[in-house]
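The values are calculated or read from the model by the stated rules, or taken from the named source; none is laboratory data. In this text, all values refer to a predicted model and were calculated from it rather than measured experimentally. Here the Cβ positions follow ideal geometry from the backbone for every residue, glycine too, while neighbour counts run over all protein chains shown.
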Amino acid sequence: MLNQGSTGIREDAMAAHPPFGDEDLLLVIDVQKDFCPGGALAVPRGDEIVPVINRLAGNFRRVALTQDWHPAGHRSFASSHAGRQPFESIPMAYGEQTLWPDHCVQGTPGAALAAALDIPHAELVLRKGCRPEIDSYSAFFENDRRTPTGLAGYLRERGVRRLYLAGLAFDFCVRWSAEDAAAAGFAAIIVADACRAIDMAGSLAQAYVALSAAGVTMAAAADLSFRS
Ligand SMILES: [Zn+2]
């Protein structure tokens, strides 16, 4: 029989209490069907991180998710530019933009979160890339680097100080989100084995250099399961 104290809280439930506190938040970036194998913009082995993230999320009281969420005909799609192919780069009003296959179109099955993602206690789902004319790799700013998504304000108002980042793709949306988190004054830690990269035209090596310069640190999921 389970032992119950005067509070009525079962001791086995107390023992399972997550080790991270209210100042810590796990930010899960774009773990969506279109970014997993079989999707429109599949990140190699992207599906492998889902069980890692599910386990990790169980250690956090606080989790937020992002979803890439584009209207049909979005300007980041190669199909929106005559004669252009996916993965080419073109100048846009706000700078160079990589062109992608159509992906994560609002309300389509590919835009849904990966079916195996199991984080019922996630407190926020932030959708980004919603404006037709501009992409948003970062969870904090659109790609003009000036238009905020509101995430920094949400996190500050809710008392978050440390962000642990996981998801897809390491060298694009995770990287940009982590850099912006650090610039906004949050401690930013990427859970490296809970991410996968696209690694296109040197993007993975560039990401490591940029993240190091930004003061973002790396951790392994197993090392975060015992923090008290
Ligand atoms: Zn996108």
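Summary of values
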{"item": "Criterion violated by CYS195 - all others in (1) in a loop (DSSP other than H, G, I, E, B); (2) away from the ligand (no atom under 14 Å from the Cβ); (3) in contact with a Phe, Trp or Tyr (Cβ under 6 Å, 6 or more places away or on another chain) satisfied", "result": "(1)"}
{"item": "Residue list for segment 156-180, filter: touching a residue at least 60 places away in the same chain (Cβ under 8 Å), surrounded by 24 or more Cβ atoms within 10 Å (Cβ to Cβ) and either over 25 Å from ASP47 (Cα atoms) or in contact with a helix residue (DSSP H, G or I) (Cβ under 6 Å, 6 or more places away or on another chain) (or both)", "result": "LEU163, LEU165, ALA166, GLY167, LEU168"}
{"item": "Some residue of segment 167-183 being assigned to a loop (DSSP other than H, G, I, E, B) and within 16 Å of the ligand (Cβ to nearest atom)", "result": "yes"}
{"item": "Only one of ALA188, ALA214, ALA183 that is over 16 Å from the mean Cα position of the chain (by Cα) and within 21 Å of LEU124 (Cβ to Cβ)", "result": "ALA183"}
{"item": "Criterion: farther than 22 Å from PRO51 by Cα and at pLDDT 95 or above - qualifying residue of ALA169, ALA93, ALA78, ALA114", "result": "ALA78"}
{"item": "Pairs with Cβ under 6 Å, 6+ apart, first in segment 36-50 and at pLDDT 95 or above, second more than 16 Å from the ligand (Cβ to nearest atom) and among the hydrophobic types (A, V, I, L, M, F, W, C)", "result": "ILE49/ALA194; VAL50/ALA116; VAL50/LEU117"}
{"item": "Hits in segment 212-228 - residues which are in a helix (DSSP H, G or I), within 22 Å of LEU155 (Cα to Cα) and small (Gly, Ala, Ser)", "result": "ALA214"}
{"item": "Cross-chain or 6+ apart pairs with Cβ under 6 Å, segment 130-155 first and under 15 Å from LEU65 (Cβ atoms) and more than 16 Å from the ligand (Cβ to nearest atom), then part of a loop (DSSP other than H, G, I, E, B) and not small (Gly, Ala, Ser)", "result": "LEU151/PHE140"}
{"item": "Within segment 59-127, strands (runs of 3 or more DSSP E) holding 3 or more residues that are of a type outside the set (Gly, Ala, Ser), within 13 Å of the ligand (Cβ to nearest atom) and surrounded by 15 or more Cβ atoms within 10 Å (Cβ to Cβ)", "result": "63-68"}
{"item": "Test: residue in segment 65-85 that is β-branched (Val, Ile, Thr) and over 30 Å from SER225 (Cα atoms)", "result": "no"}
{"item": "Residue in segment 39-51 that is among the charged types (D, E, K, R), surrounded by 15 or more Cβ atoms within 10 Å (Cβ to Cβ) and more than 27 Å from ALA201 (Cβ to Cβ) present", "result": "no"}
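Let's see how each residue does on (1) of a type in the set (D, E, K, R); (2) modelled with pLDDT of 95 or more; (3) farther than 19 Å from ARG156 by Cα:
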site: CYS173; (1), (2), (3): no, yes, yes
site: GLU179; (1), (2), (3): yes, yes, no
site: ALA182; (1), (2), (3): no, yes, no
site: GLY185; (1), (2), (3): no, yes, no
site: ILE189; (1), (2), (3): no, yes, no
site: ASP193; (1), (2), (3): yes, yes, yes
site: ALA197; (1), (2), (3): no, yes, yes
site: ALA210; (1), (2), (3): no, yes, yes
